[in-house]
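Q: I am attaching a structure below and will ask some questions about it afterwards.
The values are calculated or read from the model by the stated rules, or taken from the named source; none is laboratory data. In this text the structure is predicted, and so the values were computed from the model without any measurement. No Cβ is skipped: glycine too gets one built from the backbone with ideal geometry, and neighbour counts run over all protein chains shown. Side chains are part of the model used for accessible areas, which takes the heavy atoms of the whole protein and leaves out ligands, DNA and RNA. Shrake-Rupley method; radii C 1.70, N 1.55, O 1.52, S 1.80 Å.
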Amino acid sequence: MEPRVTRWGTRFGFYLAAVGSAFGLGNLWRFPYVVADNGGGAFVFIYLALVFLIGMPFLIGELMLGKQTGSAVIPAARRMGKEPGAKEAQGRGRYISMRLLSRSGYLAIATCLMILAYYSVISGWVLHFLVRFSISALWAGDFEPNSVLAILLNNGWLQLLLTFVHLLLVMIVVIRGFEAGVESWVSKLMPVFLIMVVGLALRSLSLESSAEALRFFLYPDFSQLTTASLGRAVGQVCFTLSLGFGTMVTFGSYMSERVSVPVAGFRVAIFDSLISLVAGVMIFPLVLQSLGQGVAPTLLFESVPFLFAKEAGGEWVGIIFFFCLYVAALGSSIGLLETAVANARETSKMRRSTATIVSALICLFIAVVPALSTSVLRDQKIAGTPVLEAWDGLLVNWILPIVAVLISQVVLLRIDQSHQKEEFESVPVMAMGRLYAHWRFAIRYLAPALCLLGLILQLL
Ligand code: PHE
């Protein structure tokens with residue numbers, strides 16, 4: 001195994017990359033559409049509760065696993081139970097669970113690649129809008145949001161081409177090396193984007209529909225919930241906080257000694273949730289009429305462009321918005337590919353460039369299905385659901401929570417309790433001892449139980 005050399009020099013560098021990975025299409029594209037699809041405010045309420053009950057404990061656990069072992073998820077898990085005399089020392093039951101859990105890293109990386117595949121397709125959609133806005137701004141053509149979207153959806157090969165371009169860009173950044181790539185991009189553009197999303201949310205609030213939209217988005221009407229809601233909220237929490245992929249384990253392994261794991265987990269989770277909420281405020285007033293008529297993953301692309309198309313010079317705002325959104329998608333995709341590459345390099349002798357190219361090619365190959373889902377495969381249904389939604393639902397609502405639970409148990413069994421405790425006690429705040437006990441309870445019982453309940457209820 002190659003020794004680890006990559007470490008973020010600064011605390012700021014770590015935060016930028018972790019937030020850059022968490023903040024992405026999950027907040028702006030997926031969150032609003034899942035909320036709309038699940039009845040609004042009551043779902044948001046459950047989602048926010050789960051950020052605290054599941055998201056934070058798991059996030060802290062994954063970062064801790066990376067930081068303490070200094071390695072990516074596959075090698076971190078793989079050695080479990082392999083210590084000489086482990087069987088005798090641990091007792092048979094614990095030994096068997098350790099050996100089973102030791103494989104969970106592979107599942108995480110398989111999930112990571114499958115998700116990167118369709119994440120790249122949606123990133124390609126963003127690219128398409130960016131290009132179309134640029135064309136109308138530069139050549140003064142009309143921007144017709146509906147027809148721009150229709151061109152994209154009807155043309156699967158165009159989507160595949162855009163996916164290819166996206167993966168190529170991601171590959172270039174990852175081959176160049178992680179630190180240099182992500183840090184500089186994210187640090188320059190994230191503030192611009194945040195200001196922009198807040199500005200657009202304020203603009204949306206001035207629309208007539210805003211009062212009713214906010215009611216839908218924030219007022220918890222629990223009669224809107226179904227048995228599947230809990231599982232969907234669990235999935236969204238894992239997706240948006242990058243849990244169950246091994247990504248946060250890799251980030252933890254690059255973390256410097258000085259960064260506190262619990263504080264980092266807390267901040268990243270809060271910041272990410274705030275962005276999702278602002279995205280909701282931005283989007284819901286624009287789509288009020290279509291809510292309740294069956295929402296599709298195209299929601300973001302059917303709503304926000306109208307905000308720009310209406311106004312003079314709106315194309316330029318459109319360009320900036322989709323450019324920033326694209327960079328956010330790029331940051332997340334880099335995190336996903338980097339996770340696969342870090343694992344490949346630590347478990348084999350593969351060079352960074354080879355590992356990157358092989359992983360990206362696998363993704364491109366898998367991406368053919370989601371890329372064709374709105375055209376060639378439009379009439380295909382999986383259990384009554386269109387292909388893209390079925391793909392997204394299976395991975396995010398079922399597989400991610402399972403992998404996240406498995407990794408959380410690796411954390412508990414792999415890291416000495418004294419080291420777990422130290423991570424909390426290194427923060428000079430009085431209540432940290434108690435917080436450690438809460439964290440252990442959450443990661444051991446509460447969060448896995450909630451995930452399991454969510455899965456079971458989805459079956460009904
Ligand atoms: N959290 C990202 C988002 O919300 C998705 C992601 C998952 C990115 C895993 C990196 C790793 O869009």
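Q: Picking from 143, 193, 216, which residue would you name as being modelled with pLDDT under 85 and either under 29 Å from residue 39 (Cα atoms) or touching a His at 6+ places or on another chain (Cβ under 8 Å) (or both)?
A: Working: 143 fails: either under 29 Å from residue 39 (Cα atoms) or touching a His at 6+ places or on another chain (Cβ under 8 Å) (or both); 216 fails: modelled with pLDDT under 85.
After applying the criteria, what remains is 193.
Q: Can you tell me which residues in the range 157-170 are at pLDDT 95 or above and touching a Leu at 6+ places or on another chain (Cβ under 8 Å)? I'd like the intermediate steps shown before the answer.
A: Filtering the range 157-170 for residues at pLDDT 95 or above gives 158-168.
Those that are at pLDDT 95 or above and touching a Leu at 6+ places or on another chain (Cβ under 8 Å): 158, 159, 160, 162, 163, 164, 165, 166, 167.
Q: Need a quick list: helices (runs of 4 or more DSSP H) entirely within the range 1-107 having at least 3 residues that are at pLDDT below 80 and away from the ligand (no atom under 15 Å from the Cβ).
A: Numbers: elements: 11-22, 31-37, 41-50, 56-69, 73-78, 86-90, 92-101.
So the answer is 11-22, 86-90, 92-101.
Q: Here's something else I'd like to know. Inside the range 352-365, can you point out the residues that are surrounded by fewer than 19 Cβ atoms within 10 Å (Cβ to Cβ) and β-branched (Val, Ile, Thr)?
A: Once the filter is applied, which keeps residues that are surrounded by fewer than 19 Cβ atoms within 10 Å (Cβ to Cβ) and β-branched (Val, Ile, Thr), the range 352-365 yields 354, 357, 358, 362.
Q: Let me spell it out: the conditions are (1) modelled with pLDDT under 90; (2) charged (D, E, K, R); (3) within 29 Å of residue 435 (Cα to Cα), and residue 267 meets all of them except one. Which number is the exception?
A: (1)
Q: Got at least one residue in the range 384-403 being more than 16 Å from the ligand (Cβ to nearest atom), surrounded by 24 or more Cβ atoms within 10 Å (Cβ to Cβ), part of a helix (DSSP H, G or I) and not acidic (Asp, Glu)?
A: No, the range 384-403 has no match at all.
Q: Filter the range 308-340 down to the residues that are of a type in the set (A, V, I, L, M, F, W, C), in a helix (DSSP H, G or I) and more than 13 Å from the ligand (Cβ to nearest atom) and list them by number. Break it down into steps so the answer makes sense when it comes.
A: Our first condition is that a residue be of a type in the set (A, V, I, L, M, F, W, C); within the range 308-340, this holds for 308-309, 312, 316-317, 319-325, 327-330, 334, 336-337, 340.
Imposing the further condition that a residue be in a helix (DSSP H, G or I) reduces the set to 308-309, 316-317, 319-325, 327-330, 334, 336-337, 340.
Passing the criteria: 308, 309, 316, 317, 319, 320, 321, 322, 323, 324.
Q: For the range 348-402, how many residues are touching a residue at least 40 places away in the same chain (Cβ under 8 Å) and closer than 17 Å to residue 174 by Cβ?
A: Going through the range 348-402 one residue at a time, the tally reaches 10.
Q: Here's another thing I want to ask about it. For the range 133-161, how many residues are under 30 Å from residue 379 (Cβ atoms) and open to solvent by 70 Å² or more (accessible area, probe 1.4 Å)?
A: Within the range 133-161, residues that are under 30 Å from residue 379 (Cβ atoms) and open to solvent by 70 Å² or more (accessible area, probe 1.4 Å) number 6.
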